[in-house]
1. Can you report the number of residues in the range 242-267 which are touching a helix residue (DSSP H, G or I) at 6+ places or on another chain (Cβ under 7 Å) and closer than 18 Å to residue 303 by Cα?
2. Enumerate the pairs (first residue in the range 265-287 and at positive phi; second residue anywhere and open to solvent by 30 Å² or more (accessible area, probe 1.4 Å) and in a loop (DSSP other than H, G, I, E, B)) with beta-carbon separation below 9 Å, excluding pairs fewer than 6 apart on the same chain, so at least 6 apart or on different chains.
3. What number of residues within the range 179-209 are in contact with a helix residue (DSSP H, G or I) (Cβ under 7 Å, 6 or more places away or on another chain), in a helix (DSSP H, G or I) and among the charged types (D, E, K, R)?
4. Restricting attention to the range 254-303, and to residues there that are aromatic (Phe, Trp, Tyr) and modelled with pLDDT under 95, which single residue is surrounded by the fewest Cβ atoms within 10 Å (Cβ to Cβ)?
5. Quick one: count up the residues across the range 153-185 that are surrounded by 17 or more Cβ atoms within 10 Å (Cβ to Cβ), free of Cβ contacts under 8 Å to residues at least 60 places away in the same chain and under 22 Å from residue 82 (Cβ atoms).
6. Cβ-Cβ distance below 6 Å, separation of 6 or more or different chains: which pairs start in the range 126-148 with a residue that is free of Cβ contacts under 8 Å to residues at least 24 places away in the same chain and more than 11 Å from residue 277 (Cα to Cα) and end on one that is outside any loop (DSSP other than H, G, I, E, B) and open to solvent by 20 Å² or more (accessible area, probe 1.4 Å)?
7. Please report, ordered by residue number, the strands (runs of 3 or more DSSP E) entirely within the range 60-178 with at least 2 residues that are at pLDDT 95 or above and polar (S, T, N, Q).
8. Determine which member of the set 235, 191, 225 is surrounded by fewer than 24 Cβ atoms within 10 Å (Cβ to Cβ), over 23 Å from residue 138 (Cβ atoms) and of a type outside the set (D, E, K, R).
Amino acid sequence: MQLQQQSSAHYLLSGASGLLGTSIRSSLLHIGAEVLQLVRRSPRGPRELQWSPGSSHPLEDLARLEGLAAAIHLSGASVAGRRWTPAYRREMWTSRVESTRALCAVLRTLERPPCTLLIASATGIYGDRGDELLDEASAPGGGFLADLCREWEEAAAPATERGIRVVHLRFGVVLAREGGALGKMLPAFRLGLGGRMGSGRQWMSWIALEDAVAATRFLLSDEELAGPVNLCAPLPVTNDQFTRALAAQLRRPAVIPVPAFALRLAFGAMADEALLASARVVPRKLLDAGFQFSQPTIEQALAAVLGSPGERTGGSGQSETAAK
């Protein structure tokens, strides 16, 4: 059954205040679905349910979770933008792994658990792989971020054992005007102060926010897809290609590269694993399932996100080329 036909469906959503969560929630509400949000603060209305994933009883009112169509778990502390101190590494692990374990432990006790559980993950699970073409069949890589994503996905085992269809949403860099990586880059690039990071040869797997939301809805309705699914555009680009495309879209020069050593001085290990690592990832499962990207090229995505005219066609032919 297509999601558009499920206007009365009831969904559970965590991380609803983030970039992705806000957009996914709005998309579901737009089709008339009901969305119950998990929040850690005191609820501000009947559509919110307080939970404490670090406690022995994460949720008290389990009756409200009975008969859900699906649960979408997007919680997680930001990976990029700050140093990975020991304390912050713990926060990243807790906000992902511990919260996933807590939610799955709750869902498996329900008499009528949701049929589907979508859990955020990231293409960071593949680690730094150079020019290797990666899809869902590729093995995880090494490093803190890859290990974190692997444990994050393994934490959902209790839900799978309960018979819930679990999908791990391995997001690439989500491009949006406000928030996310692009939002942080725009001020410098608009002033003509942008440039590639390091050598610029590292591959960047990305997805436009519009396609990220559409793919998430597609996965809610496609009952055949389970396990890891890469949510990234079919045409990854190098950091240098991305830099040039963004500068061209803004009609600004991009001639001030940021040396790798400067990134390491500013961000430590985060620079090597999140900014300089190379992951050339393609969305094999989505393509094979027939999902159509509205913005398959970086030029189309930037034109759409930044509000400039740009051709927004389907990317079937380009997608096939990228996936070969």
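1. 9
2. Sorted first by the residue in the range 265-287, then by its partner, the pairs are 268/83; 268/85.
3. 1
4. The extreme case among them is 261.
5. Residues meeting the conditions: 1.
6. 140/150
7. Numbers: elements: 70-73, 116-122, 165-171, 173-175.
Because the criterion is at least 2 residues that are at pLDDT 95 or above and polar (S, T, N, Q), the strands (runs of 3 or more DSSP E) in the range 60-178 that meet it are 116-122.
8. Numbers: 235 fails: over 23 Å from residue 138 (Cβ atoms); 225 fails: over 23 Å from residue 138 (Cβ atoms).
Criteria check complete, one pass: 191.
The values are calculated or read from the model by the stated rules, or taken from the named source; none is laboratory data. In this text the structure is predicted, and so the values were computed from the model without any measurement. FYI the Cβ positions are ideal-geometry reconstructions off the backbone, even for glycines, and counts take in every protein chain you see. Ligands, DNA and RNA are excluded from the accessible area calculation, which covers all protein heavy atoms including side chains. Shrake-Rupley method; radii C 1.70, N 1.55, O 1.52, S 1.80 Å.
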